[in-house]
Amino acid sequence: MSENSTFVCNPSKRLDTSRQFTYDYSYWSHDGYTCAKDGYMKPTGDTYADQKRVFEDLGTDLIKSAWSGYNCTLFAYGQTGSGKTYSMMGYEPNQGVIPRLCESLYQDIDKKTNPNEGIMYRVSFSMLEIYNEKVYDLMNVDSNTQDSLAVKMTPKQGPLVDGLQSFSVSSYKDITYYIDECNKRRTMAVTRMNETSSRAHTIVTLTLVQNNIRERKLKTSKINLVDLAGSERASQTGATGVRFEESKNINKSLMTLGIVIKNLCATACGRTDQGPAPYRDSKLTMLLKDAIGGNCTTIMLATISPSDEDYEQTISTLRYADRVKSIRNTVVVNITDTEQLIKELQTEKDALLMQLVRRNSQMGNSEQEILLLKQKQLAEIDKMKNEMMDMEKEWNRKLQQTKHLMEEHMAKEKKLEQQKRKIPHLINLNEDPALSGKICHFIKAGLVTTIGNTNSSNSPEIILHGPSIGEEHAAITNYSRCLKIVPLQGQVKVNGLSITEPTPLRHLDRLFFSVNNLFVYHNPAEELVAKKRGDKHPVVTFDMAQNEIGKHSKLHTGLEWLKEEIGEMLVHTHEANSMATALKRGIRFEPVMVPSLVLGDKQKPSQIFVKAATSEGGEFLWGRDQFFDRLDLMMSIFQKYVNGEDDWEPKTQKQDPFWEPMETPTLIGVTYITLESIAYMLDIGEQKIGIYDYQAKYVGHLIVCLIPCTMDGTEESEDLAVDSPSELIGKSISFKIKITGATSIPQRYRSSWCHYCFNEDQGRVYSDEVLGIAPKYNFEHIHTINNVTPKTIECLQEDSVMIEVYGRQRKSTSTDHRRGSTVDAYTISDRRRTSTVFTADQRAMSKLLTKGISPSSKCDTLVEVDDENDADDDDSRISKSRQTYNIGEKTDSDYDSTSSLKSENNTSVQIPDIVKDSTPSSSSDQLSDQMKQLRTGISSVMDTIMKRQKIADLELC
């Protein structure tokens with residue numbers, strides 16, 4: 001960030017120049033701050049933009065526009081976790097734009113209020129949520145109501161939500177009360193409906209009315225504050241977006257908003273080929289019609305992530321914001337001059353009466369008829385005055401209602417705080433900090449507090465919602481000040497550990513029942529004792545509780561962020577399994593760790609995927625976004641099932657998010673082949689290289705060979721060989737990659753093919769798809785390198801090519817042979833990727849070797865390797881590898897199909913007879929000596945190449 005410009009660099013292309021985007025403001029808030037004693041993030045320099053600065057730049061402009069009588073809107077757009085909700089709502093003491101704007105608005109009202117001026121200021125508040133194209137009123141007192149509201153378009157008022165409640169507020173304290181109440185209802189709705197807060201849009205609307213009684217003028221302005229749902233899955237639906245039509249509902253709002261903005265931009269640029277903006281295609285765009293293309297001043301706050309993994313989404317968000325800049329709205333002051341209106345009506349009435357008198361004199365109408373017409377006109381004027389008086393009465397009534405509710409709220413809060421000081425209780429934790437601490441369950445002494453769902457016949461004291469909550473899920477006993485939690489029909493975790501027997505509870509213990517039911521236990525008596533001893537307890541957060549779950553799982557890692565992701569995936573896969581069981585779907589989900597070497601980018605750490613095991617015997621890997629897209633659909637289906645709707649079952653199997661066809665291409669494993677022999681243009685013959693799956697388990701052999709050749713494919717290895725790679729500089733070289741076939745492919749695969757990418761510019765190369773566990777691919781491809789440079793030589797000597805082997809699992813009726821080049825569905829990742837040329841040192845693997853770790857170690861050990869030996873050169877790595885492994889030639893019997901690699905590849909070395917006359921010689925002895933030296937040099941080079949290939953094979957393990 002530099003002034004008002006944002007610069008973005010592609011992390012995969014370090015030499016590329018950065019891309020520049022210019023906006024009104026560009027804020028950096030990733031670092032450059034210090035946390036004060038009160039928790040406020042205070043800038044340590046000019047770089048960091050705190051919450052106060054953002055509000056002063058953006059929020060004050062909104063307030064000025066509102067006081068001028070204009071409608072105004074601020075909406076936050078960006079991917080989940082990029083800071084939208086933090087910027088809009090924030091948390092104490094780092095309050096966001098919404099609470100700061102509300103507080104500033106009432107500060108202005110206090111300054112402007114003067115009884116002698118005769119101006120009344122009124123503010124009303126409403127808050128709604130849009131989830132899955134359904135509008136919910138968060139101000140609805142009846143939290144059990146789940147009926148969505150209809151959005152209508154009216155000629156005078158524009159878009160209107162039918163039945164949306166709006167409450168009059170007289171102070172900032174009233175607004176904070178309503179926001180707190182809305183968050184409580186939102187928490188209950190999220191828990192009950194299995195929603196995720198990042199997938200819902202929240203709209204807060206403040207209506208400011210300035211009533212000038214003396215001048216009889218009414219000025220009205222609306223302030224819309226919009227926190228949009230996470231945008232990343234709107235474009236990253238992958239295969240699910242094609243296969244599941246129902247998934248369009250979830251992202252429909254954001255997609256329609258993008259189309260509307262695109263059409264408005266085209267119109268602003270003078271293009272008419274886009275047609276009218278489709279506002280009515282989504283509830284969100286209908287409500288924001290004035291904000292994005294009508295009578296409203298609008299500010300867009302685009303939030304981005306500094307992570308290199310989010311580069312594509314960051315570019316998409318910045319382009320989106322750049323496009324919005326070209327939209328121009330025409331705004332007018334929303335003012336109603338009531339005195340002028342009455343005068344105009346009276347003048348119009350007199351004029352009409354004069355016309356009527358003239359007409360009556362001609363037509364002979366009676367004076368009585370004229371008098372009746374006058375009375376009718378006066379009645380209309382009185383009706384208007386009465387309506388204005390009724391508005392005043394309604395306003396006062398709403399104020400009294402708010403005052404009464406506030407008094408009740410204060411009484412309840414006071415009573416609740418008193419109970420919390422005396423009675424042990426459970427407080428909810430939520431991934432959204434604004435929703436944490438909104439639900440409280442008390443545990444009374446001398447009783448058994450039962451926990452269950454709404455279907456329980458025993459009326460549990462604590463009712464939880466979710467697919468994994470049993471009718472009699474658990475119970476908490478409270479006898480003699482000893483509290484214990486007893487698991488019954490459901491899973492219970494205490495501090496991340498699953499329990500199977502009664503377990504004592506201690507102050508601040510974390511209790512996990514399901515993904516939306518995570519609580520922290522509070523015991524006032526223990527807390528008081530701890531305070532007297534001077535003990536300090538950590539602040540328990542949702543992330544802390546999830547990290548505990550990941551820490552105690554079978555997936556171990558030394559990276560904190562990966563621990564968080566493991567904990568999150570464990571929770572959500574547990575929820576998906578519960579829904580699958582309830583809906584009788586034959587599938588189980590389990591998070592697995594996939595090493596970077598298998599993903600095709602060793603520079604990045606291991607990633608978490610979800611393994612889906614079907615009852616048909618199939619195993620598939622789903623990426624994170626693919627799993628969460630399907631999880632949303634699972635929750636939607638499950639909610640319909642729980643509500644007893646008749647159409648809960650998907651119409652077709654393809655629409656079922658639990659179903660995965662056996663035809664889906666699945667990664668069998670990967671292998672690496674070194675390129676050093678090409679640096680000497682040597683044919684080292686056929687190599688039998690091990691194939692390893694995502695768990696680093698041996699799953700077969702791939703038979704590969706690298707053959708130097710001419711550009712037309714003629715194999716002339718003896719004529720092409722060189723003594724030194726430097727001899728190739730400035731020349732063009734060609735070579736073949738031959739993949740003869742594979743052996744020992746697992747029985748569950750009926751067919752397989754392989755592909756690789758030697759050069760990104762040349763694209764990915766595919767073999768044919770072949771049936772059998774010992775397929776014969778008979779594949780070869782010629783690669784040409786024009787103008788060899790020293791950098792090219794370095795890459796050939798150090799890099800490897802990753803070959804991926806894909807297959808289709810057995811239960812399939814299809815017997816046709818398809819070309820591998822037509823397959824583009826990758827189950828290993830939900831985004832299209834291109835494997836690049838990798839360096840031969842393979843740091844993560846070589847460190848395992850140098851530390852003496854067995855190659856049978858699981859892939860999760862990869863992320864525990866530190867960087868202390870990064871400076872080791874190739875020779876030291878080879879030396880250290882020899883200390884652990886006996887590198888030598890072994891037979892196929894040294895391989896075990898059920899374990900990791902045990903031995904090296906069996907490779908036959910063919911030394912070509914090369915005669916190269918550098919100087920004329922008449923002595924046959926001298927020629928013989930030169931031949932011996934040449935052959936010895938070639939043999940030494942090939943021996944080094946073979947050893948490095950074997951080490952690469954070990955590193956892959």
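Residue count for region 321-346 satisfying the condition of being open to solvent by less than 90 Å² (accessible area, probe 1.4 Å), among the hydroxyl-bearing types (Ser, Thr, Tyr) and modelled with pLDDT of 70 or more: 1.
When Ile668, Ile703 are checked against the criterion of being out of contact with any Leu (no Cβ under 7 Å at 6 or more places or on another chain), closer than 30 Å to Lys731 by Cα, at pLDDT 90 or above and outside any loop (DSSP other than H, G, I, E, B), a single residue qualifies: Ile703. Restricting region 16-36 to residues that are open to solvent by 80 Å² or more (accessible area, probe 1.4 Å) and touching a residue at least 40 places away in the same chain (Cβ under 8 Å), the residue that is farthest from Tyr121 (Cα to Cα) is Arg19. Looking at Ser26, Ser87, just one residue is out of contact with any Gly (no Cβ under 7 Å at 6 or more places or on another chain) and polar (S, T, N, Q), and that residue is Ser26.
Checked against the criterion of being surrounded by fewer than 23 Cβ atoms within 10 Å (Cβ to Cβ) and modelled with pLDDT under 85, region 575-597 contains one or more residues that satisfy it. On the given criteria, is Lys393 surrounded by fewer than 19 Cβ atoms within 10 Å (Cβ to Cβ) and assigned to a loop (DSSP other than H, G, I, E, B)? When the stated conditions are applied, Lys393 does not pass them. Which residue is farthest from Ile673 (Cα to Cα), if the candidates are limited to region 800-831 and must be open to solvent by 20 Å² or more (accessible area, probe 1.4 Å) and at pLDDT 50 or above? By that ranking, first place goes to Lys811. For first residues located in region 244-260 and small (Gly, Ala, Ser), partners that are in a helix (DSSP H, G or I) and modelled with pLDDT under 50 and lie 6+ apart or on another chain with Cβ distances below 8 Å form the pairs Ser247/Thr240; Ser247/Gly241; Gly258/Ala234.
Residues that are modelled with pLDDT of 85 or more, open to solvent by 20 Å² or more (accessible area, probe 1.4 Å) and of a type in the set (S, T, N, Q) within region 303-315 comprise just one, Ser305. In contact with a Leu (Cβ under 8 Å, 6 or more places away or on another chain), open to solvent by 30 Å² or more (accessible area, probe 1.4 Å) and of a type outside the set (A, V, I, L, M) - does that describe any residue in region 719-730? For region 719-730, residues in contact with a Leu (Cβ under 8 Å, 6 or more places away or on another chain), open to solvent by 30 Å² or more (accessible area, probe 1.4 Å) and of a type outside the set (A, V, I, L, M): present. Could you please let me know if Pro460 is open to solvent by 50 Å² or more (accessible area, probe 1.4 Å) and either in a loop (DSSP other than H, G, I, E, B) or of a type in the set (S, T, N, Q) (or both)? Taking the combined requirement at face value, the residue does not satisfy it.
As a summary of the residue check, Ile423 satisfies the conditions (1) within 38 Å of the chain's Cα centre (by Cα); (2) at pLDDT 85 or above except for the one numbered (1). The sole residue among Asn517, Asn428, Asn453 that is more than 24 Å from Val539 (Cβ to Cβ), touching a Leu at 6+ places or on another chain (Cβ under 8 Å), modelled with pLDDT of 85 or more and not small (Gly, Ala, Ser) is Asn453. Among the residues of region 155-185, those that are touching a Phe, Trp or Tyr at 6+ places or on another chain (Cβ under 8 Å) and not charged (D, E, K, R) comprise Ser166, Phe167, Ser168, Val169, Ser171, Tyr172, Ile175, Tyr178. With respect to the stated conditions, Met681 is assigned to a loop (DSSP other than H, G, I, E, B), farther than 30 Å from Trp622 by Cβ and open to solvent by less than 10 Å² (accessible area, probe 1.4 Å). Only one of the listed residues (Gly496, Gly470) is touching a strand residue (DSSP E or B) at 6+ places or on another chain (Cβ under 9 Å), at positive phi and open to solvent by less than 20 Å² (accessible area, probe 1.4 Å). That residue is Gly496. Once region 37-88 is narrowed to residues that are farther than 21 Å from Cys102 by Cα and in contact with a Pro (Cβ under 8 Å, 6 or more places away or on another chain), the residue that is surrounded by the most Cβ atoms within 10 Å (Cβ to Cβ) is Gly39. Of all residues in region 294-314, those satisfying the criterion of being small (Gly, Ala, Ser) and either closer than 19 Å to Met88 by Cα or in contact with a His (Cβ under 7 Å, 6 or more places away or on another chain) (or both) are Ala302, Ser305. Sub-6 Å Cβ pairs linking a first residue in region 723-743 that is under 16 Å from Ile678 (Cβ atoms) to a second residue that is surrounded by fewer than 20 Cβ atoms within 10 Å (Cβ to Cβ) and of a type in the set (D, E, K, R), at least 6 apart or interchain, are Lys736/Glu780; Lys738/Glu780, ordered by first then second residue. Within region 462-486, residues that are more than 18 Å from Ala445 (Cβ to Cβ) reach partners that are among the aromatic types (Phe, Trp, Tyr) and in a strand (DSSP E or B) with beta carbons closer than 6 Å, at six or more positions or on different chains, in the pairs Leu464/Phe513.
Looking at (1) at pLDDT below 85; (2) open to solvent by 10 Å² or more (accessible area, probe 1.4 Å); (3) outside any helix (DSSP H, G or I), which is the one condition that is false for Lys222? Of the numbered conditions (1) at pLDDT below 85; (2) open to solvent by 10 Å² or more (accessible area, probe 1.4 Å); (3) outside any helix (DSSP H, G or I), the odd one out for Lys222 is (1). Once region 270-294 is narrowed to residues that are in a loop (DSSP other than H, G, I, E, B) and either of a type in the set (Ser, Thr, Tyr) or modelled with pLDDT of 80 or more (or both), the residue that is most open to solvent (accessible area, probe 1.4 Å) is Thr272.
Among the residues making up region 612-643, those that are within 16 Å of Leu583 (Cβ to Cβ) and open to solvent by 30 Å² or more (accessible area, probe 1.4 Å) are Ser615, Lys640, Tyr641, Val642, Asn643. When Asp712 is tested against the conditions (1) free of Cβ contacts under 8 Å to residues at least 12 places away in the same chain; (2) in a helix (DSSP H, G or I), the lone failure is (2). A residue that is assigned to a loop (DSSP other than H, G, I, E, B), in contact with a Cys (Cβ under 7 Å, 6 or more places away or on another chain) and either modelled with pLDDT of 85 or more or charged (D, E, K, R) (or both) occurs somewhere in region 767-783. Number of residues in region 770-794 that are buried (at least 17 other Cβ atoms within 10 Å of the Cβ) and out of contact with any Asp or Glu (no Cβ under 9 Å at 6 or more places or on another chain): the value is 7. Which residues, taken from region 645-656, are part of a loop (DSSP other than H, G, I, E, B) and over 12 Å from Leu583 (Cα atoms)? Passing the criteria: Glu645, Asp646, Asp647, Lys651, Thr652. Per the conditions (1) in contact (Cβ under 8 Å) with a residue 12 or more places away in the chain; (2) out of contact with any Ser or Thr (no Cβ under 6 Å at 6 or more places or on another chain), the sole criterion not satisfied by Arg808 is (2).
The values are calculated or read from the model by the stated rules, or taken from the named source; none is laboratory data. Note that this is a predicted model, so its numbers are computed, not measured. As a convention, Cβ positions derive from the backbone with ideal geometry for all residues, glycine included, and neighbour counts pool all protein chains shown. Areas reflect the complete protein model, heavy atoms only, side chains present, ligands, DNA and RNA absent. Shrake-Rupley method; radii C 1.70, N 1.55, O 1.52, S 1.80 Å.
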